[in-house]
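The values are calculated or read from the model by the stated rules, or taken from the named source; none is laboratory data. No experiment lies behind these values; they were computed from the predicted model shown. Quick reminder, even Gly has a Cβ in these numbers, built from the backbone with ideal geometry, and neighbours come from all protein chains shown. These area figures cover heavy atoms from the full protein model, side chains too; ligands, DNA and RNA do not enter into them. Shrake-Rupley method; radii C 1.70, N 1.55, O 1.52, S 1.80 Å.
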Amino acid sequence: MSQTQTLDVGLEGLDALNGVDALCLFVAEDDRPLPSSAGYVDWRLCGALSRVLQGGFFTGVKDDWLLLPSDGKLTVPRIFVVGLGSRKRLDPASLGEALAGAAKVLSRAKVEAVALEVPQGSSLSDSARAEAYQRQFLPAFKGGRVSLLADKGLVGSLSSRKG
């Protein structure tokens, strides 16, 4: 089973990632501007992710995938970007599918330590996000460590689910 560490969402959390060989971002087709971790990563990459989105190579539709190098602008060498479809329509089932799919791809890519943020959506409670992460992502991820970029609501839900 994977070992989990939680860090705050933001530039400080990204800068605190040590020994992580991949970052997994979730981007929806209706995310403009890019929210949360994706926005912070795009800032560090000088807009590289936004340029890919504007060019239409990756659009954030469901099952859309992108692999970007960090080019030394982050401590993490590889950035996997997963399309979520519409964030407005993101529900517990589609979140679970996206997390399980990401875990399988990361495992096939031999990722040992990953950092990710569990996506938010208008119809997703913090407890539904915590449950999807624990039931869908963790069992499917074969690597050893997960650094979770988490907001306070998700951290609280994860803590209450342990008991």
| query | Among the residues of the stretch 21-31, is any farther than 22 Å from GLU112 by Cα and in contact (Cβ under 8 Å) with a residue 60 or more places away in the chain? | reply | yes
Note on the stretch 56-107: residues among the charged types (D, E, K, R) and open to solvent by 50 Å² or more (accessible area, probe 1.4 Å) are LYS62, ASP63, ASP71, LYS73, ARG78, LYS88, ARG89, ASP91, GLU97, LYS104
- Query: Any residue in the stretch 123-140 that is touching a residue at least 12 places away in the same chain (Cβ under 8 Å) and in contact with a Phe, Trp or Tyr (Cβ under 9 Å, 6 or more places away or on another chain)?
  - Reply: no
For this session: Say whether the condition of being over 14 Å from the mean Cα position of the chain (by Cα), polar (S, T, N, Q) and crowded, with 16+ Cβ neighbours inside 10 Å is met by at least one residue in the stretch 147-162.
Result: yes
Taking the stretch 121-146 and keeping only residues that are in contact with a Ser or Thr (Cβ under 8 Å, 6 or more places away or on another chain), more than 14 Å from ARG161 (Cα to Cα) and buried (at least 19 other Cβ atoms within 10 Å of the Cβ), one is left with PHE141, GLY143, VAL146
Residues of the stretch 1-53 being surrounded by fewer than 17 Cβ atoms within 10 Å (Cβ to Cβ), acidic (Asp, Glu) and outside any loop (DSSP other than H, G, I, E, B), in sequence order, are ASP8, GLU12, ASP15
